[in-house]
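Remarks on the structure that follows.
The values are calculated or read from the model by the stated rules, or taken from the named source; none is laboratory data. This is a predicted model, so every value here is computed, not measured. Please note: Cβ atoms are built from the backbone with ideal geometry, for glycine as well, and neighbour counts cover all protein chains shown.
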Amino acid sequence: MKKILAFAGSNSKNSINHRFVNSVVSRIEQHDVKLIKLTDYEIPLFGIDLEEERGYPVDIKVLKNIIEEHEALIISVNEHNGGPSVFFKNITDWLSRLDYKFLEGKKVLLMSTSPGKRGAASSLTYFKDVLPRFGAEIVDSFSFPSFEENFDQEKNVISDEVLLLGLIDVLSNFEQALEE
């Protein structure tokens, strides 16, 4: 049994990415999954002057320690105006300053969703390119389009059968990679 850390890269209190990742992790039975909200951590906007004057925020150290305790991560990233959210990029900026290889040895399932037809694909692509620099092994990825149309929010499940089958396949690949 592996320990998996899951979260959304969004700072919205009504984050569809958090609802999505919550639904996805509810399908995992063979591993110990911890779902967190990054908004529970107080992390200021990164700046070299702030880093030099105050050092690293306590909550960045706490978050790094939580990541270290897990073998794998499931991350669902959001998108703002066709690009990665500043909120999650800021967190990765701080973490990489504290320890450039903060994801070393971590297997990652990277996901995204949005209300639009592209499912935050630009943000997903950005983080697929960036996270390996910090040591992550991106095992698989999944972009979930048109959240409101394809997700039953009352039941907390994917309502589109084709997308559900795609997610099941991606989750299977991820869980298989955890055993390697």
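Scanning region 15-41 for residues that are modelled with pLDDT of 95 or more and part of a loop (DSSP other than H, G, I, E, B) returns Ser15, Ser26, Arg27, Ile28, His31, Ile36, Lys37, Tyr41. I'm checking my understanding of the structure. Among residues of region 87-98 that are touching a residue at least 40 places away in the same chain (Cβ under 8 Å) and of a type outside the set (Phe, Trp, Tyr), which one is surrounded by the fewest Cβ atoms within 10 Å (Cβ to Cβ)? Ranking the qualifying residues of region 87-98, first place goes to Arg97.
Among the numbered conditions (1) closer than 21 Å to Asn11 by Cα; (2) surrounded by fewer than 19 Cβ atoms within 10 Å (Cβ to Cβ); (3) not small (Gly, Ala, Ser), tell me where Asp160 comes up short. Looking at each condition in turn, Asp160 falls short on (1). If you check Ser143, Ser159 for being without any contact (Cβ under 8 Å) to a residue 12 or more places away in the chain and of a type in the set (Ser, Thr, Tyr), only one passes: Ser159.
Here's a check for you: in region 50-81, which residue that is in contact (Cβ under 8 Å) with a residue 60 or more places away in the chain and assigned to a helix (DSSP H, G or I) is farthest from the chain's Cα centre (by Cα)? Checking each candidate, the answer is Ile66. For region 82-91, state whether one or more residues are aliphatic (A, V, I, L, M) and not in a helix (DSSP H, G or I). Taking every residue of region 82-91 in turn, none turns out to be aliphatic (A, V, I, L, M) and not in a helix (DSSP H, G or I).
Of all the residues in region 135-165, those that are of a type in the set (S, T, N, Q), part of a loop (DSSP other than H, G, I, E, B) and at pLDDT 95 or above number 2.
Hey, any hits in region 99-114 for a residue that's surrounded by fewer than 19 Cβ atoms within 10 Å (Cβ to Cβ), touching a Leu at 6+ places or on another chain (Cβ under 9 Å) and either free of Cβ contacts under 8 Å to residues at least 60 places away in the same chain or part of a strand (DSSP E or B) (or both)? Give the steps one after another, and end with the answer.
Here is the first cut: in region 99-114, the ones surrounded by fewer than 19 Cβ atoms within 10 Å (Cβ to Cβ) are 99-101, 104-105.
If we keep only those that are touching a Leu at 6+ places or on another chain (Cβ under 9 Å) too, we end up with none.
No: region 99-114 contains no residue that is surrounded by fewer than 19 Cβ atoms within 10 Å (Cβ to Cβ), touching a Leu at 6+ places or on another chain (Cβ under 9 Å) and either free of Cβ contacts under 8 Å to residues at least 60 places away in the same chain or part of a strand (DSSP E or B) (or both).
Filter region 51-86 for residues that are polar (S, T, N, Q) and farther than 14 Å from Thr125 by Cα; which is surrounded by the most Cβ atoms within 10 Å (Cβ to Cβ)? Can you show your working first?
To start, the set of residues in region 51-86 that are polar (S, T, N, Q) comprises 65, 76, 78, 81, 85.
Next, only the ones that are farther than 14 Å from Thr125 by Cα stay: 65, 81.
Values: Asn65: 9, Asn81: 6.
Here the residue is Asn65.
If you filter region 61-103 down to residues that are touching a Phe, Trp or Tyr at 6+ places or on another chain (Cβ under 8 Å) and among the basic types (Lys, Arg), you find that the one that is farthest from Val33 (Cα to Cα) is Arg97. With respect to the stated conditions, Ser122 fails to be among the polar types (S, T, N, Q), modelled with pLDDT of 95 or more, surrounded by 13 or more Cβ atoms within 10 Å (Cβ to Cβ) and not in a helix (DSSP H, G or I).
Checking each residue in region 1-12 for being out of contact with any Leu (no Cβ under 9 Å at 6 or more places or on another chain) and either crowded, with 18+ Cβ neighbours inside 10 Å or modelled with pLDDT of 95 or more (or both) picks out Lys3, Ser12.
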